[in-house]
Amino acid sequence: MVDMGLLSHDQVEEARAEAEASGEGILDTMVKTGRLESSLVVAAKAAYFGVESVNLAEVRLSDEVIGLVPRHVAKKFNAVPVGQSDGGSVIVAVSDPSDIDTVDGLRHALNRDVELRVTGHSDLDSAIAKYYGGSNRDDGGIRQMIQDITEGEVAVATLKGDVASSGETIDADAPIIKLVNQLIVDAFKKRSSDIHLEPLSKRFRLRFRIDGVCVEQQDLPKRLQAPIVARLKIMSAMSIAERRIPQDGRIQTNVGGKTIDLRVNCLPTQHGEAIVMRILDKTGLRLGLGELGFFADDQATFERIIGLPDGILLVTGPTGSGKTTTLYSCLNYINRPDRKIITVEDPVEYMLAGINQVQVHEHIGFTFALALRSMLRQAPNVIMLGEIRDMETASIAINASLTGHLVFSTLHTNDAPGAVTRLIDIGVKPFLVASSARCLMAQRLVRKICKNCVQPYQLTEAECRSLNFTPEMIAQATPKKGRGCAECNKTGHRGRFGIFEIFVINDEVRKLIYEKVPANQLRLKSRELGMRTLREDGARKVLAGLTTVDEVIRATVTDH
């Protein structure tokens, strides 16, 4: 700055003495005392290090640009993205271009080349606060509340009028209550399906399941573990005194004008009680068959099956594979004033207009079997069973399907033909399975490619081998991949849809079921009859540019 004529030697020496006394840098001291403009410091640094300067106060950065650098990276290295070069490098504004550790750290964290721009300290701090909310994650509300809560405030925080172990009462506006409410709001805004609160030896971990994948959030303070768990147990009508056995409960709340239900489970673990809350957004359920992920040919087959007057249709798959949503979509499709539809569920997850929904209560003896037996006296046309769990339920359901009722239900099996074996293992006679079954469908959920950052993608040789793609298939395909943006939290995925394995039961298959052939022979027969496996349906959707190879491989097993 002296060489550029911006400062004199005397000014530098005078400022050096002040800086030594205060423990600050010489330039910082001069800017602070008003003897030097911060813009001149930025200009001098830019000239000295051979980089351009940028005034962050005068530019407005788009969400796409801010999405180039995740929040925690920007906070850790005190850097703000300002653009992207033609060569694919991220252009980043920093206050000290000489800090090699920062530059190397950014390259490593972003896994991309970095081009520097220089800006002022205060402008950089303001930009980080403006674009990143002063927090290294998208949970500033929770973080601020945690900072506001002191040990004394949360010792006995519960609902107003509820008495904690010390016998004291706390006002309903206690900080711990606000914190729990904010946690639920944040999870809902991030499109989470589950909230996981997990006590570990030295941490109280918080994770949201977003599009089927658990994403870690900011840890909650370990000292808040007991009051947070107590608050949630009170909200869901569990016993706060019982800590030795698992408990189930339910919370109904309002977020942004929407009524959402939370199914709550509390499980005692080595380091305290773990809580998982399943978020059920009653207003956000999409009930169109087309929105489930069917291609036109599969949807036509499925619509023909669910339009039959009787028989049983089973949807199979593991927990969290979208079976219940598929069944609700079936009911919504066939729900007409001339049809009486009754469901038996545990619990009733979504309320559907025009449908009689029955809640099972195992603790008072109101089981699936009892509910099903009683509802047959209501003369329904269509019955939906939440799940076939035992011989009694399976037997009643199948007999109902043989007496003029259309029955929908779910089973936990890995593939569609395996449902036959499962029913016979439960105790249902093979001739009953053969006579009643109309269709068995397995399904899984895979993540969609984010529409905001989707781009064409060239499949590698390894990816082609994994899904048995031929050159002819690739030539006609349009595979795509998400680049990663602020909309999808840099994942390249947003939302989910289904991949399906539809096994239609015909006379040939009925003969095999009656003869009790093994599941592998049923599977071979189903393939001969044209059934696509889960992996084959997933591969079709990769070629159509709807999802990625990694997603299909993650959700399915090989067909060989």
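The values are calculated or read from the model by the stated rules, or taken from the named source; none is laboratory data. These numbers come from a predicted model, not from an experiment. Note that we place each Cβ from the backbone using ideal geometry, even for glycine, and neighbour counts take in every protein chain shown. Surface accessibility is based on the protein's heavy atoms, side chains included, excluding ligands, DNA and RNA. Shrake-Rupley method; radii C 1.70, N 1.55, O 1.52, S 1.80 Å.
Details
- Filtered trypsin sites (Lys or Arg not before Pro), region 439-505: DSSP coil and at most 13 other beta carbons within 10 Å: Lys451
- With every protein chain in place, the chain: carbon and sulfur % of accessible area (1.4 Å): 49 percent
- Rough spin-label spacing in nm, given labels placed 7 Å along Cα→Cβ, for Lys190 and Lys258: 1.6 nm
- Answer label, with Cα extents along the principal axes in Å calculated from the coordinates and candidates (1) 70, 66, 46; (2) 102, 73, 43; (3) 96, 72, 39: (2)
- Computed on protein heavy atoms with a 1.4 Å probe, the accessible areas place Glu362, Glu64 in the order Glu64, Glu362, largest first.
- Radius of gyration and Dmax over the Cα atoms of region 220-333, both given in Å: 19.5, 59
- Glu216, Glu20, reordered so the largest accessible area comes first (probe 1.4 Å): Glu20, Glu216
- Principal axes of region 390-447: Cα extent on each, largest first, Å: 40, 23, 18
- Ligands, DNA and RNA aside, Cys485 has an accessible area near 10 Å² when probed at 1.4 Å.
- Kirkwood-based Rg to Rh ratio, region 1-114, C-alpha trace: 1.04
- Only protein heavy atoms count here; under a 1.4 Å probe, Glu115 has an accessible surface of about 70 Å².
- Bridgeable lysines around Lys76 (alpha carbons under 19 Å apart, same-chain partners fewer than 8 residues away excluded): Lys130, Lys490.
- Rg(Cα) / (2.2 N^0.38 Å) computed for region 432-560, rounded to two decimals: 1.26
- The distance between label points at Ala57 and Leu200 comes to 4.2 nm (points 7 Å beyond Cα on the Cα→Cβ vector).
- Taking θ as phi - 60° and the Karplus parameters 6.51, -1.76 and 1.60, the scalar couplings of region 52-63 work out to 7, 9, 9, 9, 5, 6, 9, 10, 10, 8, 6, 4 Hz in sequence order, x denoting glycine and proline.
- More than 11 Å apart - percent of Cα-Cα pairs taken over region 516-560: 68 percent
- The solvent-accessible area of Asp186, taken with every protein chain present and a 1.4 Å probe, is close to 20 Å².
- Between Glu461 and Asn181, the C-beta separation translates, for a Förster distance of 56 Å, into a calculated FRET efficiency of about 0.65.
- Volume per residue for region 274-370 equals 144 cubic angstrom (convex hull of Cα atoms).
- The phi torsions of region 342-356, fed into the Karplus equation with coefficients 6.51, -1.76 and 1.60 and a -60° offset, translate into couplings of 10, 10, 10, 9, 8, x, 6, 7, 9, 8, 10, 5, x, 10, 7 Hz, rounded to whole numbers, with Gly and Pro shown as x.
- Positive-end ranking of Leu7, Thr259, Cys439 along the dipole of the chain, with charges on Cβ about the Cα centre, is headed by Cys439.
- Pairs exceeding 23 Å between alpha-carbon atoms, taken from Lys233/Lys323; Lys451/Lys541; Lys429/Lys511: Lys233/Lys323.
- Additional length obtainable on full extension of the chain from Met4 to Glu291, 0.36 nm per residue less Cα span: 96.8 nm
- For region 182-233, the solvent-accessible area with a 1.4 angstrom probe is 36 square angstrom per residue.
- Computing FRET efficiency as 1/(1 + (r/R0)^6) for Leu376 and Gln84, where r is the C-beta to C-beta distance and R0 is 56 Å, gives about 0.30.
- R0 of 41 Å, Cβ-Cβ distance Ser39-Arg107: FRET efficiency to nearest 0.05: 0.90
- By the helix-only formula, in which each DSSP H run with n ≥ 4 contributes -39500 (n - 2.57) and the sum is divided by residues, the chain has a 222 nm mean residue ellipticity of -10500 deg cm²/dmol.
- Label-point separation in nm, Thr319 to Leu524, each point 7 Å along Cα→Cβ: 3.6 nm
- For Ser201, Ser329, the ranking by accessible surface with the largest value first comes to Ser201, Ser329, using a 1.4 Å probe.
- Stokes-Einstein diffusion coefficient of region 351-493, Kirkwood radius over Cα pairs, 20 °C, 1.002 mPa s, in µm²/s: 112 µm²/s
- Across region 416-433, coupling constants 3J(HN,Hα) worked out from phi with the 6.51/-1.76/1.60 Karplus curve, θ = phi - 60°, read 5, x, x, 5, 5, 4, 4, 5, 5, 4, 5, x, 6, 5, x, 5, 6, 4 Hz, and Gly and Pro carry x.
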